[in-house]
Amino acid sequence: MTQIAPEGYPFIGLAWAVALVLALLNWWLVLVFWLPVSIWTVAFFRNPSRQGPRGEDLILAPADGKVVSVIPIDEPAFLKAKATRISIFMNVLDVHVNRYPISGRLLYRQYARGRFGHAMAEKASAENEQCSIGIAAGPGRILVRQIAGSVARRIVTDHVEGTEVRQGERLGLIRFGSRVDLFLPATLAVLVKEGEKTKAGLTVVARWR
């Protein structure tokens, strides 16, 4: 079942209020162009139920979108070790609700102000506005980084440090086009590659060895 993320109600209400005003004014030509925007606003904030594979040995995609890179990298903030970074770009048609890749305890949360450059750019992971979430589970640690893009202007992260989170449940949301980076220990077996599409809470992106 598809629900609507609560953050979307003000935008949806505004979009359809404008449509109503245009109809009352008989501005039909303008309404024809505005209606797709109103419909898209509803679609953007959709929050479909995700019942997929679950398990302590699995790491799931945190976002819907396209894998734009899978690279080795150092992660000094939470993993404090060499890592593999999987970057998933969400366009304006993708579901923008993010989900937890694993179950565990949220031990690290760091919000950083920054630029609103194109989210697909390599430097976006370091320079764009972002929120990083570190999760510790029995098999090890991972880091999820929500990154604002050139259109995104708000990152929503649901939980605070110390929260016990469950695999597949909602992590947060990024409004209007953005990217999510997933940092994994370098020893893990990554199961996705550049160019593939992912679904948050459904696609298995890696396994613990």
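The values are calculated or read from the model by the stated rules, or taken from the named source; none is laboratory data. No experiment lies behind these values; they were computed from the predicted model shown. Counting neighbours? That spans all protein chains shown, and the Cβs are built from the backbone with ideal geometry, glycine included.
If you check Ala112, Ala152 for being surrounded by fewer than 17 Cβ atoms within 10 Å (Cβ to Cβ) and modelled with pLDDT under 90, only one passes: Ala112.
Let's see how each residue does on (1) outside the structural domain of Thr198 (by TED's automatic domain parsing); (2) touching a helix residue (DSSP H, G or I) at 6+ places or on another chain (Cβ under 7 Å); (3) surrounded by 16 or more Cβ atoms within 10 Å (Cβ to Cβ); (4) closer than 30 Å to Ala186 by Cα:
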{"position": "Tyr9", "(1), (2), (3), (4)": "yes, no, no, no"}
{"position": "Ala19", "(1), (2), (3), (4)": "yes, yes, yes, no"}
{"position": "Val32", "(1), (2), (3), (4)": "yes, no, no, no"}
{"position": "Lys66", "(1), (2), (3), (4)": "no, no, yes, yes"}
{"position": "Ile71", "(1), (2), (3), (4)": "no, no, no, yes"}
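Restricting Phe45, Phe78 to residues that are touching a strand residue (DSSP E or B) at 6+ places or on another chain (Cβ under 7 Å), surrounded by 16 or more Cβ atoms within 10 Å (Cβ to Cβ) and over 23 Å from Ser132 (Cβ atoms) narrows the list to Phe45.
Out of the residues in region 56-83 that are assigned to a loop (DSSP other than H, G, I, E, B) and free of Cβ contacts under 8 Å to residues at least 60 places away in the same chain, which is farthest from Ala137 (Cα to Cα)? Applying the filter and picking the extreme gives Pro76.
For region 1-56, a tally of residues being hydrophobic (A, V, I, L, M, F, W, C), in contact with a Lys or Arg (Cβ under 9 Å, 6 or more places away or on another chain) and under 25 Å from Pro101 (Cβ atoms) returns 4. Residue count for region 162-209 under the criterion of being assigned to a strand (DSSP E or B), surrounded by fewer than 21 Cβ atoms within 10 Å (Cβ to Cβ) and either hydrophobic (A, V, I, L, M, F, W, C) or within 14 Å of the chain's Cα centre (by Cα) (or both): the result is 5.
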